[in-house]
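Step one of this worksheet: look at the structure below.
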Amino acid sequence: MNQYAVWGNPIAQSKSPRIHQLFAEQTQKSLNYSAKLGDEQDFETQLKQFFADGAKGANITAPFKERTFDLADVHSEACLQAEACNTLKHLEDGRLYADNTDGLGLVSDLKRLGWLNPNQHILILGAGGATKGVLYPLLQAKQQITLYNRTPEKAVSLAEKFAKFGKIQTAYLDEIADETFDLIINATSLGLQGKYVELPRQLMIQANIYDMQYAVNMNTPFLQYARSQGAKSVQDGLGMLVGQASYAFQLWEDILPNVEPVLERLKQEMNK
Ligand code: NDP
């Protein structure tokens, strides 16, 4: 039976084992997928041992995505651009192939929602690892992007790095009040502290609002705030999570699972 795992720290909260179990049932594949707690000091040794024991692949989550990028032997283009790895495949010749499916996960979720039309103007809040992982596929999808980040230098550095792929600029919050965005994506980790970036009300009303964070009934702090501002079209990041997992599954098992039923099942289970 093919062995897989998701590695992170913390990891107990991860939905990945359940998602891959549902994919396996749907595609009638026989596999074992577990959650592994990575050790801050010994993560690389742990991961190498996991593959030495015969594992076929792994998902990697915070805080190990960049360290895994450094450890891998071969990288996909998306992974090279993100400079972080969320999916590893053990190649036949023993090398480790690194991919980053977070960006495709977001893009496929936006398509599922009908929220990805050509030449849209997107505001992204945050310039951390998640933003870095989605810029390449979003720019490839011909989106025009404005980046806002608390630490402006990080947004400027990302905009410079990705400018060769399309239209990307940075802004301070007081500069965007009069602009119009089709889509606003929260990619900050502020929600984990119960907080959010406050935006002018008219921006929230006009745009589709996407939060990479997810919660029961989409009650993330940012989406609660957006609703309180009158936003009608809001969505959390559960679809992105299932989407990125589906592309990892395809890389390992050569079949792309259907995301929709798995997403619905997860929502039901979260609401229990
Ligand atoms: P990082 O730690 O790499 O980046 C955090 C970002 O949040 C930075 O831009 C940081 O700004 C900003 N931030 C943190 N605290 C504050 C604050 N007090 N005020 C303003 N800005 C703040 O995190 P990630 O990029 O990896 O993750 C971001 C979010 O995306 C998380 O909620 C994560 O769970 C989610 N995510 C969801 C995925 C999915 O599949 N649904 C996949 C990946 C991530 P600064 O640079 O100034 O510190």
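The values are calculated or read from the model by the stated rules, or taken from the named source; none is laboratory data. For clarity, every value in this text was computed on a predicted model and none was experimentally measured. Every residue, glycine as well, gets a Cβ built from its backbone with ideal geometry; the counts of neighbours run over all protein chains shown. Only protein heavy atoms, including side chains, enter the accessible area calculation; ligands, DNA and RNA are left aside. Shrake-Rupley method; radii C 1.70, N 1.55, O 1.52, S 1.80 Å.
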Note on segment 108-122: residues modelled with pLDDT of 95 or more and on the phi < 0 side of the Ramachandran plot are 108, 109, 110, 111, 112, 113, 115, 116, 120, 121, 122
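A quick yes/no check of all residues on (1) within 19 Å of the chain's Cα centre (by Cα); (2) loosely packed, with under 14 Cβ neighbours inside 10 Å; (3) within 16 Å of the ligand (Cβ to nearest atom):
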| site | (1), (2), (3) |
| --- | --- |
| 166 | no, no, no |
| 173 | no, no, yes |
| 180 | no, yes, no |
| 187 | yes, no, yes |
Picking from 192, 125, which residue would you name as being at pLDDT below 95 and within 19 Å of the chain's Cα centre (by Cα)? 192
Search segment 241-261 for residues that are open to solvent by 30 Å² or more (accessible area, probe 1.4 Å) and pair each with any residue that is in a loop (DSSP other than H, G, I, E, B) when their beta-carbon atoms are under 6 Å apart and the residues are at least 6 apart or on different chains. 247/101; 250/256
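Condition check ((1) in the same structural domain as residue 138 (by TED's automatic domain parsing); (2) in contact with a strand residue (DSSP E or B) (Cβ under 9 Å, 6 or more places away or on another chain); (3) under 17 Å from residue 131 (Cβ atoms); (4) of a type in the set (Lys, Arg)) across all residues:
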position	(1), (2), (3), (4)
171	yes, yes, yes, no
180	yes, yes, no, no
187	yes, yes, yes, no
193	yes, no, no, no
204	yes, yes, no, no
243	no, no, yes, no
258	no, no, no, no
266	no, no, no, no
Pick out, from segment 59-131, the strands (runs of 3 or more DSSP E) lying fully within it that include 2 or more residues that are β-branched (Val, Ile, Thr) and in the same structural domain as residue 180 (by TED's automatic domain parsing). 121-125
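Could you please find all residues in segment 111-126 being over 23 Å from residue 242 (Cβ atoms) and open to solvent by less than 30 Å² (accessible area, probe 1.4 Å)?
Selection gives 121, 123.
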